[in-house]
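Below is one structure, written out as structure tokens, with a few remarks after it.
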Amino acid sequence: MCKTVLAFCLGVTVVIALAGCGAYKQPSGKQQIALPTGTLQQPVGEPAITPTSRDIPAFTKEDVIKYIRTHDMLFSDTSPSAITGIEVTFITSKEVNKIINRQGTGIPDNYLLCFARLTGTFTFPGPPTIKGQPTSSTYEEAYEVFDAKTGNLLMGGALGEAVGTIG
Amino acid sequence: MKAAQAAVTGQLAHRSTRISVALALAVMLIIIGSEKASGIVGSGKAHQYTCHTPCYGATYWLSKSEYFGAYTDISIVHFQCTSTCITNGGFIDNEIWLIDDSCHPMCWVEAGYMMDHNSPGEVFFWYDARHSSGPAWVLTGPVGPAPPIVPVTPTVPATPTVFATPTPLPPTPTVPAGDYGHKDHFMIIKDTRPMPASPALYLIFMYNDSMGNPLGGTSSDNPPMIAGRILIGQELHGTGGATAEPATFTRNLFAVQSLNAKNVSFMYNKQTQKGTDIVSSNPPPMANWDIDPATSGNSPEGGQFSTRCC
């Protein structure tokens, strides 16, 4: 009798234990990827203006204007004919960031850049809508930034609010 | 006599047949050769397209709440566009977008690699668009060791001294040779750590398996973004001259929480369904699902999507 009761109790205990284990909720299944370590590399851009000097800046404002007048703006539907004004200055990365309202470009604050402010009509396409329709925004001011030492094209974009949108 | 005439006639007919066949083959070869030279093969216009507004071979997913980040592994392949893209503004790229469709007209962050008419090779880039800050793109460079760049102290611009023979600069590095054929990692993740009370910004990382110094940057935080869509695929702009080897997009993941005081990693779930495809009505570029995320399990996570052009 005692053995029977003991066996029954043991069995119940095992059943309860198993039921408890079954009720245990597995972790939510979220996995994780470690962020890359190391220092963010400084952008080097792509060749644009050929340096003509060993000084820094290694080219002139006229070189910049000539380049902009003969090359379509990257990532935009803007041809040089749409540009009505070009103003070129050699300023630091920190000063550029303040103008374009960006902080994390990866270029040290004291690095000398060539900032070209453009006026005209600049259209920047965007990704298609959910329905697959094209999108774009139009601005009256844009910019391109070059490395003052290498002449490489580093950055570009628009300034201010869009004056027109599609999509 | 008649037999001799018949024999000669037969020989002539046989010879004429051979000549006719040879001529026909020659004509066919000339036609095929000229078609290839003009870029038109068969009935498809392989190297000409109408993408004044960009054309896409892409797919997207929508979230019911928020995507805190997006991730994909993109194989690095060769493009052709440098000096062959017909319009100066032509370009082609493979990339990932994280989009807020509620931010009028649209706010987004994107990362990928591209080639335009003037590129020396494939170039990594990222792009951040906010309607009040304006769009902004950055051409970064290679995933892997870059040549040392020595920060210079800003000086008053000097009068340039023109040398007769400027010293040639080292070529601008683009995608390291070792990356071709391999998958590089593209990650966009929301970060609320810097100033918890301020709008969050997004970190962009592009890196390879060495986990060395990555490429990337930090987005604007104005206006704030609440991303509800992830888009992956190929973008093509211009009217002709671009090509792209087949590329794959695997490990298609989304972040389930932002970086914060308690989380400093990309916490994710994988996509478990095919996205909604966006393919131009008149391809290129071409795109398709190779492996359905619904059945791929972890091989690979989030399935495999592929693009190619043209």
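The values are calculated or read from the model by the stated rules, or taken from the named source; none is laboratory data. Since this is a predicted model, take the numbers as computed values, not measurements. Every residue, glycine as well, gets a Cβ built from its backbone with ideal geometry; the counts of neighbours run over all protein chains shown. Keep in mind that these areas ignore ligands, DNA and RNA; they rest on the heavy atoms of the full protein, side chains included. Shrake-Rupley method; radii C 1.70, N 1.55, O 1.52, S 1.80 Å.
Counting only residues that are open to solvent by 40 Å² or more (accessible area, probe 1.4 Å), assigned to a helix (DSSP H, G or I), farther than 17 Å from residue A:152 by Cβ and not polar (S, T, N, Q), the stretch A:66-96 holds 3 of them. Scanning the stretch A:119-135 turns up no residue that is farther than 28 Å from residue B:52 by Cα and facing another protein chain (nearest Cβ under 9 Å). Evaluating residue A:101 against the criteria (1) at negative phi; (2) at pLDDT below 95; (3) of a type outside the set (Val, Ile, Thr) leaves one unmet condition, (1). Restricting the stretch A:97-118 to residues that are outside any strand (DSSP E or B) and either among the charged types (D, E, K, R) or more than 7 Å from chain B (Cβ to nearest Cβ) (or both) leaves a set whose member that is most open to solvent (accessible area, probe 1.4 Å) is A:98. Taking the criterion of being open to solvent by 40 Å² or more (accessible area, probe 1.4 Å) and over 19 Å from residue B:99 (Cα atoms), no residue of the stretch B:222-242 qualifies.
Checked against (1) among the β-branched types (Val, Ile, Thr); (2) part of a loop (DSSP other than H, G, I, E, B); (3) within 8 Å of chain B (Cβ to nearest Cβ), residue A:49 passes all but a single condition, namely (3).
Given the residues B:204, B:226, B:291, B:278, which is the only one that is under 16 Å from the mean Cα position of the chain (by Cα) and either within 16 Å of residue B:73 (Cβ to Cβ) or in contact (Cβ under 8 Å) with a residue 24 or more places away in the chain (or both)?
B:278
When the residues of the stretch A:153-167 are narrowed to those that are within 7 Å of chain B (Cβ to nearest Cβ) and surrounded by fewer than 23 Cβ atoms within 10 Å (Cβ to Cβ), which ends up farthest from residue A:98 (Cα to Cα)? For the stretch A:153-167, the residue satisfying everything is A:167.
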